[in-house]
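Since the structure comes first, as structure tokens, the remarks are kept for the end.
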Amino acid sequence: MPHSDGLAWGALADISRFAALLTMAELGVADQLADGPLDTDELARRCGAHAPSLRRVLRELAGIGVVRRAGADGYDLTDAGAVLRSDVPGSIRTSIRMLGEESFWYAMGNLPDTVRNGSSAYVAKYGTLYEYLAANPDKGRMFHTYMTIRAIPFTEGLVKRYDFAGVDSMVDVAGGRGHVLAAVLHANLGMRGILFDLDEVADRARELLAAEGLADRCEVVVGDFFASVPAGADAYLLSSILHNWDDDDAVRILRSVRRAMNPGSRVLVLEVAVPDDDAPHLGKDLDLRMLAIFNGGLERTREEYARLFQEADLELAEVIELGTGASLIEARPA
Ligand SMILES: C[S@@+](CC[C@H](N)C(=O)[O-])C[C@H]1O[C@@H](n2cnc3c(N)ncnc32)[C@H](O)[C@@H]1O
């Protein structure tokens, strides 16, 4: 008989745990508990919830350590649970809401269909992710907040481990709100930046860059990276971009960048490169999300990045591990 406990059963339990965290995030439970414990009836009233149902969710949440019992029928937030509050630095409330958002949840739930057909069930139902976000600005805002939080450990690794000497200007190609560019500019005071992205993202980027005090060192340029990107910068950063696209499209993006480069420019690809082994790895988890949400999106090995570069008249120069599962893959003109 096959071994029946362990990893696979753990994954089944993870679905209930994630759904409990999603409920906590959607209902704002952590914000309501920020000032101290509450009885479950009062907590349910403040969250607009059905108390007997919420009580069962809280019992599950206590089991994973984000709340704890307080008094006869109340709960308190733990230190681990405080990260679900909206108002703390590094809050993961929006990240949980994004992963539980209707279309993302549908994408993972319908992975079997995607695998059966070889094309994304998500795209068949919702269109491409970026069309969906453009048509649903609230979801677009949530997605870009999620990307901002998700990028924090990668960005910390990037500014600590990559040597930006010689980079006086950098284009953040499809930089979203500009959170990665902002961190690089703060760490490199002589550098100027260009944030390049779609029109619907530009105002959010201007907002973040102004709030970071970087408006005078950073311009926001709107465009489509399949057509062109701003020319003549010392470095072109592509952070979490190529993994959204199949090889043909990824090469088209890299060719746009190559056309914009000077002979001395460099390309900086920030991605989670997947190792070719059987150990668990963040890249393998993300890869299934890419499979589910994009037609042709995937996490690649270093060798696969090297091949993309070749097709775009570039060559892989160096791979720097950022210590967070992500890698900085540098390419130069071939
Ligand atoms: C996964 S997000 C990455 C954002 C940011 N670089 C980061 O690391 O968090 C992908 C970005 O690609 C942008 N994008 C999608 N299609 C694009 C296109 N055709 N031209 C320019 N940007 C595009 C999206 O608006 C989004 O900001």
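The values are calculated or read from the model by the stated rules, or taken from the named source; none is laboratory data. Values in this document were obtained by computation on a predicted structure and should not be read as measured data. Don't worry about glycine lacking a Cβ; one is built from the backbone with ideal geometry, like all the others, and counts go over all protein chains shown.
For His281, the conditions (1) within 25 Å of Glu156 (Cα to Cα); (2) modelled with pLDDT of 95 or more; (3) away from the ligand (no atom under 16 Å from the Cβ) all hold with the exception of (2).
Within this structure, Thr155 fails the test of being touching a residue at least 24 places away in the same chain (Cβ under 8 Å), part of a helix (DSSP H, G or I) and more than 15 Å from the ligand (Cβ to nearest atom). In the stretch 164-186, is there at least one residue being near the ligand (Cβ under 9 Å from one of its atoms), in contact (Cβ under 8 Å) with a residue 12 or more places away in the chain and surrounded by fewer than 20 Cβ atoms within 10 Å (Cβ to Cβ)? Among the residues of the stretch 164-186, not one is near the ligand (Cβ under 9 Å from one of its atoms), in contact (Cβ under 8 Å) with a residue 12 or more places away in the chain and surrounded by fewer than 20 Cβ atoms within 10 Å (Cβ to Cβ), which makes the answer no.
Residues checked against (1) part of a strand (DSSP E or B); (2) in contact (Cβ under 8 Å) with a residue 24 or more places away in the chain; (3) surrounded by fewer than 21 Cβ atoms within 10 Å (Cβ to Cβ):
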residue	(1), (2), (3)
Gly193	yes, yes, no
Ala202	no, no, yes
Glu207	no, yes, yes
Ala210	no, no, yes
Gly213	no, no, yes
Val229	no, yes, no
Gly232	no, yes, yes
His243	no, yes, no
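All conditions but one from (1) in contact (Cβ under 8 Å) with a residue 40 or more places away in the chain; (2) over 21 Å from Val267 (Cβ atoms); (3) surrounded by 20 or more Cβ atoms within 10 Å (Cβ to Cβ) apply to Arg150; the one that does not is (3). Condition check for Thr114 on (1) within 16 Å of the ligand (Cβ to nearest atom); (2) under 30 Å from Leu12 (Cβ atoms); (3) among the β-branched types (Val, Ile, Thr): one failure, at (1). When residues in the stretch 74-106 are screened for being assigned to a loop (DSSP other than H, G, I, E, B) and either among the aliphatic types (A, V, I, L, M) or touching a residue at least 60 places away in the same chain (Cβ under 8 Å) (or both), 4 of them pass. Only residues that are assigned to a helix (DSSP H, G or I) and over 23 Å from Ser95 (Cα atoms) were counted in the stretch 15-42, giving 3.
Of the residues making up the stretch 61-73, just one is part of a strand (DSSP E or B) and loosely packed, with under 14 Cβ neighbours inside 10 Å, namely Arg69. Among the residues of the stretch 229-251, is there at least one that is farther than 25 Å from Gly157 by Cβ, more than 22 Å from the chain's Cα centre (by Cα) and within 11 Å of the ligand (Cβ to nearest atom)? Among the residues of the stretch 229-251, not one is farther than 25 Å from Gly157 by Cβ, more than 22 Å from the chain's Cα centre (by Cα) and within 11 Å of the ligand (Cβ to nearest atom), which makes the answer no.
Can you tell me how many residues in the stretch 295-334 are of a type outside the set (Val, Ile, Thr), assigned to a loop (DSSP other than H, G, I, E, B) and within 23 Å of Pro153 (Cβ to Cβ)? Qualifying residue count for the region: 8.
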